[in-house]
Amino acid sequence: MLLQGLKVVELATWIAAPGCAAVMADWGADVIKVESLGGDATRTFFPESAETPGNPIFTMENRGKRGVALDIASPEGREALLAILKDADVFITNLRPGALKRARLDYEALKAVFPRLIYASVSGVGLEGPDVDLPAFDITVFWTKSGVGRSHIPPDQEPFACRPGFGDHTTALATLSSVLAALHERHATGRGRLVECSLLRTAAYALGWDMATQLRFGEAPTTQPRNMRPHPISGIYFRTLDERWITFVLKGPACYPTLMKVLGHPEVIDDPRYALPTTDLDIVREIRARVDAAFARMTLAEAAVILTEADLAWAPLQSLSEVVGSPQYLATGCAVEVSDGWGGRMASPAAPGRFPEGAPEVTRGAPKLGEHTREVLAEAGVAEEVIQKVMARLG
C-alpha cells in the first residue's frame, strides 16, 4: 500500500530533508533516521521530559521513523551506515556538499557501490556555484536571498522574517515529488540517480508569477502599502465592526458588481468612472472607501452571511487557535494523532496528501536518540563486534 516496502535512509538535520522523509514514513516507507551522537538540532526545541512529553517540532519532522545514532567519522560508524544503505531505495541528506565529499558519502562515491540508489540532495542553493558550502536556512535563503521576502514586504515597512519551516516544508514537498519521479524511472531502467532540490530553486518556483514576470520584462511588482494597491478590492483586507479582518479574491467579472450590490452600493456599478480595471489610484481609493465603510457597519458574522449567500470568494483572517478548532480543519483531516513517546498521544500536522480509499495509519511518534540502532544494524547484517563498538559510542 502506497510506499510500503520502500526503504529510505535519512542522514539529515533540521527540516527540509527530514520533512520529506517524514511524509514518506507517513505513506508507509521504512525510514531510518541516522543522527550524530549529539542528535538532530530540532530535538532542542521544546525538550522532552515526563512532565512535558512530546516535542511538537521534532515529532512532526520525524514521526514514524526508526532512529539510529552513529559517529560516521569513525570506522565502525561508516561501516554501519554503508551496511544500512546496501539495500536502501532512497538516501536523503542535507549535509553540505563539502562535508559529504570529505566523508566519502557524496553521490559520486556511492553510485558505483549502490547503482540502484536514489540519492536525494537537499541544499540551500544546489550543488554548483560559489555559495554551495555556505550554511543555509529557509529564513536566509528561501525567504531573504531568493527575493521572496522583498516581494512580500511593502517598501514602507521594516523587513520581517517568514515563520519557521515555511520554506523548508515547501522544499520538502518538492524533494518528495522529485524522489517519486526518480523511483518511477527506476522501474524501467533499474538504475538510481541523483535528485537535487534546493531552497533557492524551490523559492523561485513558489514565487512563480512574480519570477516569470521578472524574467520576461525585467521587472515585477511587489506588495505595496494598502493605499497604493492597484485593485480596490481583490487581495485587500477590510475591517469589520467587531475588529475582524476579511479578504476577497474576485473570481470573475460578475463578482465586482455582485459585491457592490450586497454592500449597498449599486450606484458604483452604473457609474463609468468606477469601471474596472482602472489605473487611476484616486478611483481605486474611492471604491475602497465605500467598501471600508460598508464593512465597518457590520460584524464578521453578519458579513459572513451576505458574502456566502452571494457565492463570493472570501475568508476571515483567522488565528491558529481558531483554525485548529474549526469544523472544516477537522473534516479536511489537517491533523493526525501520534504517540508522544511517553505513553500518551498528541496531535501533529498531517501531510497534505490524503488517500480516502486507504492508506497506512499514521500513529507512531518520533524515535528517541539512537532508539533503534541495535535493531537496524542487526537487520543490516553488521557484525556483533561492530555493533558493540557503535553502541559503546552511543553510551
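Give me the log10 of I(q) over I(0) for segment 239-384 at q = 0.17 Å⁻¹, as the Debye formula computes it from C-alpha points; what are the numbers? Rounded to two decimals, the profile gives -1.04. Measuring with a 1.4 angstrom probe and ignoring ligands and nucleic acids, Leu394 comes out at about 50 Å² accessible.
Ranked by the mean number of other Cβ atoms within 10 Å per residue, highest first, peptides 76-84, 18-26 order as 18-26, 76-84. For segment 177-258, the mean projected area of the C-alpha convex hull, equal to one quarter of the hull surface, is 10.6 nm². Over the chain, Cα pairs under 8 Å with separation of 6+ residues give a relative contact order of 21 percent.
Sorting His152, His184 on solvent-accessible area from highest to lowest, probe radius 1.4 Å, gives His184, His152. Averaging Cα coordinates gives a centre for segment 1-34 and one for segment 86-122; these two points are 15 Å apart.
The base-10 log of I(q)/I(0) for segment 155-295, evaluated at q = 0.13, 0.14, 0.20 Å⁻¹, reads -0.80, -0.87, -1.24 [Debye formula, identical scatterers on Cα atoms, solvent excluded]. For the Cα atoms of the chain, what angle does the longest principal axis make with the long axis of helix 16-26, in degrees from 0 to 90, nearest 10? For 16-26 against the chain, the angle is about 80 degrees. Counting only DSSP beta bridges whose two residues both lie in the chain, roughly 35 percent are antiparallel. For the pair Ser319 and Ala50, what calculated FRET efficiency results from E = 1/(1 + (r/R0)^6), where r is the Cβ-Cβ distance and R0 = 22 Å, to the nearest 0.05? Approximately 0.10, to the nearest 0.05.
Placing unit charges on the Cβ atoms of the charged side chains and taking the dipole of segment 273-395 about its Cα centre, the candidate lying farthest along the positive direction among Ala380, Ala392, Gly325 is Ala392. Expressed as a whole percent, the proportion of Cα-Cα pairs in segment 111-192 lying more than 17 Å apart is 60%. Heavy-atom accessible surface of Thr170, to the nearest 10 Å², is about 50 Å², with a 1.4 Å probe and all protein chains retained. Once the Cα atoms are used to define both axes, helix 75-85 deviates from the longest principal axis of the chain by about 60 degrees. Here the contact order of segment 65-171, divided by its residue count and restricted to Cα pairs under 8 Å and six or more residues apart, works out to 19 percent. Extension gain, Arg104 to Ala301: 0.36 nm times the residue separation minus the Cα-Cα distance gives 64.8 nm.
With the highest mean first, a sort of the peptides 270-283, 219-232 on other beta-carbon atoms found within 10 angstrom per residue produces 219-232, 270-283. For segment 308-378, a Kirkwood hydrodynamic radius built from all Cα pairs, placed in the Stokes-Einstein relation at 4 °C and 1.567 mPa s, yields a translational diffusion coefficient of 83 µm²/s.
Straight-line cross-link reach from Lys251 at under 12 Å between alpha-carbon atoms covers these aspartates and glutamates, not counting any fewer than eight positions away in the same chain: Asp311. When all alpha carbon pairs of segment 238-308 are counted in 5 Å bins from zero, the resulting P(r) reads 3, 15, 27, 27, 17, 9, 2 %.
The ellipsoid that matches the Cα gyration tensor of the chain has semi-axes, each √(5λ) in whole angstrom, of 48, 24, 18, with the longest given first. Projected over all directions and averaged, the alpha-carbon convex hull of segment 146-217 occupies 6.3 nm². Rounded to 0.05, the FRET efficiency of the Glu337 and Asn227 pair, given R0 = 51 Å and the Cβ-Cβ distance, is 0.65. Taking all protein chains into account, the per residue accessible area for the chain stands at 52 Å² (1.4 Å probe). Contact order for segment 305-351, expressed relative to its length and based on alpha carbon pairs under 8 Å spaced 6+ residues apart, stands at 22 percent. Taking Lys and Arg as +1 and Asp and Glu as -1, the other residues whose beta-carbon sits under 14 Å from that of Ser123 total -3.
For Leu241, Leu259, Leu6, the ranking by accessible surface with the largest value first comes to Leu241, Leu6, Leu259, using a 1.4 Å probe. When the helices of the chain are scored as -39500 (n - 2.57) per DSSP H run of n ≥ 4 and the total is divided over every residue, the value at 222 nm lands at -11000 deg cm²/dmol.
Taking a ≥ b ≥ c as the square roots of the eigenvalues of the alpha-carbon gyration tensor, segment 40-142 is classed oblate because a/c is 1.5 or more while a/b is no larger than b/c. When a 1.4 Å probe is rolled over the protein heavy atoms, the share of accessible surface on the chain that falls to carbon and sulfur comes to 58 percent.
The values are calculated or read from the model by the stated rules, or taken from the named source; none is laboratory data. Every value quoted in this text rests on a predicted model; they were computed, and no experiment measured them. Virtual Cβ from ideal backbone geometry, glycine too; neighbours counted across all protein chains shown. All accessible areas refer to the heavy atoms of the entire protein, side chains included, with ligands and DNA or RNA removed. Shrake-Rupley method; radii C 1.70, N 1.55, O 1.52, S 1.80 Å.
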